[in-house]
Each structure stands twice: as structure tokens, then as C-alpha cells.
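Everything on this sheet refers to the single structure shown next.
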Amino acid sequence: MKIRSAIAAIIALILMLVAWASAQVVQPRPVQPPVVLAGADIGFRVEGQKGDAVTGTLVVRVDGKWIDAQLAGRGTLKLSAR
């Protein structure tokens, strides 16, 4: 019986390791060189691909150079009790 328990524990451990490895997050594939999809003064710099989705950064053109844009949030909105 001890041998069967040991074999069952080893099989369970192997199955847990396989499940853990398959659940890991897919790393984005980088695009070289980064491509900017743009209008006149605003664009999106494609920096990689994660599965079927494209990853990147919102950029704006200032003096002919593309720089990263930071969006200003509205902050916390207070809810009224009315």
C-alpha cells in the first residue's frame, strides 16, 4: 500500500507542476523597431504583441518627435446620497 500511495503522490505532483506551467502568463513578443500608427499629432506606438492583442503606448508629436503621453485622471468622484 505504501508503494501505491507514493506513486499516487508523485503523479499528483507531476500533474500540479504541469497545470502550473501551463497557467503562466504569455509574454509579449517585441516588435523591432517599434512602429507608430499615427494621425497628424497623436499616435500609438506598437511595442509588442501578446497573443492576438497588440501592446504599446499612446504618443504625441512635439517638435517633430514622438513622446509618451500620460493621461490625467479625473480623480475620485464622490457619490451623493440623493
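The values are calculated or read from the model by the stated rules, or taken from the named source; none is laboratory data. Just so we're clear, the structure is a prediction, and the values are computed from it rather than from any experiment. Heads up, the Cβs are rebuilt from the backbone with ideal geometry, glycines too, and the neighbour counts pull from every protein chain shown.
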Practice problem: For the stretch 50-66, enumerate the residues that are closer than 12 Å to ARG29 by Cβ and assigned to a strand (DSSP E or B). | Solution: LYS50, ALA53, VAL54, THR55
Quiz item: Hey, among the residues in the stretch 1-49 that are among the charged types (D, E, K, R) and at pLDDT 80 or above, which one's surrounded by the most Cβ atoms within 10 Å (Cβ to Cβ)?
Solution: ARG45
Exercise. Test GLY73 against the stated conditions and say whether it is modelled with pLDDT under 75 and small (Gly, Ala, Ser).
Key: yes
Quiz item: Condition test on TRP20, is it in contact (Cβ under 8 Å) with a residue 12 or more places away in the chain and of a type in the set (Phe, Trp, Tyr)?
Solution: no
Quiz item: Can you find even one residue in the stretch 26-45 that is outside any helix (DSSP H, G or I), more than 22 Å from ILE67 (Cβ to Cβ) and among the hydrophobic types (A, V, I, L, M, F, W, C)?
Solution: yes
Self-check item: Close pairs (8 angstrom Cβ cut-off, 6 or more residues apart or separate chains): free of Cβ contacts under 8 Å to residues at least 60 places away in the same chain in the stretch 52-69, in a loop (DSSP other than H, G, I, E, B) and surrounded by 11 or more Cβ atoms within 10 Å (Cβ to Cβ) anywhere
Solution: THR55/PRO28; THR57/ALA69; LEU58/ALA69; VAL59/ALA69; VAL60/ALA69
Quiz item: Out of all the residues in the stretch 67-82, which are among the β-branched types (Val, Ile, Thr) and not in a strand (DSSP E or B)?
Solution: THR76
